[in-house]
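Here is the structure we will look at, set down as structure tokens.
The values are calculated or read from the model by the stated rules, or taken from the named source; none is laboratory data. Please read these numbers as outputs of a predicted model, since none were measured by experiment. Every residue, glycine as well, gets a Cβ built from its backbone with ideal geometry; the counts of neighbours run over all protein chains shown. Each accessible area value is taken on the protein alone, full model and side chains, heavy atoms only, with ligands, DNA and RNA left out. Shrake-Rupley method; radii C 1.70, N 1.55, O 1.52, S 1.80 Å.
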Amino acid sequence: MKKILTLFAIVGLIVFSSCEGPEGPQGPEGPSGEISYVFEVNNVTFDANGNGVLRNFGSTLFSGDVVLIYRLTGTSNGRDVWAPIPESHYYDDGTLFFTYKYNFSQLDFEIYLEGFELNTIPANLRANQTFRIVIVPGDDGVNTKKSVSKPDYSDYNAVIKKYNIDDSNVKKLN
């Protein structure tokens, strides 16, 4: 009897270990069904009250997603230079002049200015600004691992590399 039970156990183990089920559903995509998590908004001009841009993502972000926003500040060696916001600017005496800021929800984001005498901000810092919006997935297998270090969020290129985000085809939100 023991030999028959052992035989059934071995046969059962072989049969059940070689079974495959149907393929599971595709993992979550970014907003608007896009795989890319990088968006760009161009020609943002802030008014005298600091209002800049308010845009919808096109669909709802996932609850754990984080939005990072960078401002194009120039180029170096042929590459764009992106500064993370909030980004503060100061008078020569060290007091705060203004800060680029943003907020976001699962549906939209807003970029605005906060500070003093916003109507005196030079045109090169107020008009025709370009911003990159990076969505870092909240549950991407990287964020959920406690032993994995987080990237330097102040470095746009480090974030793109860490999360394997393809920014070669950035979706324009204008």
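Near the amide H of VAL66, within less than 5 Å, lie the amide hydrogens of VAL136, GLY138, all on another chain or at least 5 residues away, with H placed in the peptide plane. Under 5 Å from the amide H of VAL53 lie the amide H atoms of ILE111, each residue being 5 or more positions distant or on a separate chain, with H modelled from the backbone and absent for Pro and chain starts.
Taking amide H as placed 1.01 Å from N in the peptide plane, the amide H of LEU107 sits under 5 Å from that of LEU61, each at least 5 places away or on another chain.
Sorting ASP80, ASP167 on solvent-accessible area from highest to lowest, probe radius 1.4 Å, gives ASP80, ASP167. Sequentially through the range 69-78, phi angles give Karplus couplings (6.51, -1.76, 1.60; θ = phi - 60°) of 10, 10, 9, 6, 10, x, 9, 9, 6, x Hz, Gly and Pro residues having no value and appearing as x. With R₀ fixed at 25 Å, the C-beta to C-beta distance from SER76 to ASN119 puts the FRET efficiency at about 0.20. Estimated at the nearest 10 Å², the accessible area of TYR37 is 30 Å² with a 1.4 Å probe.
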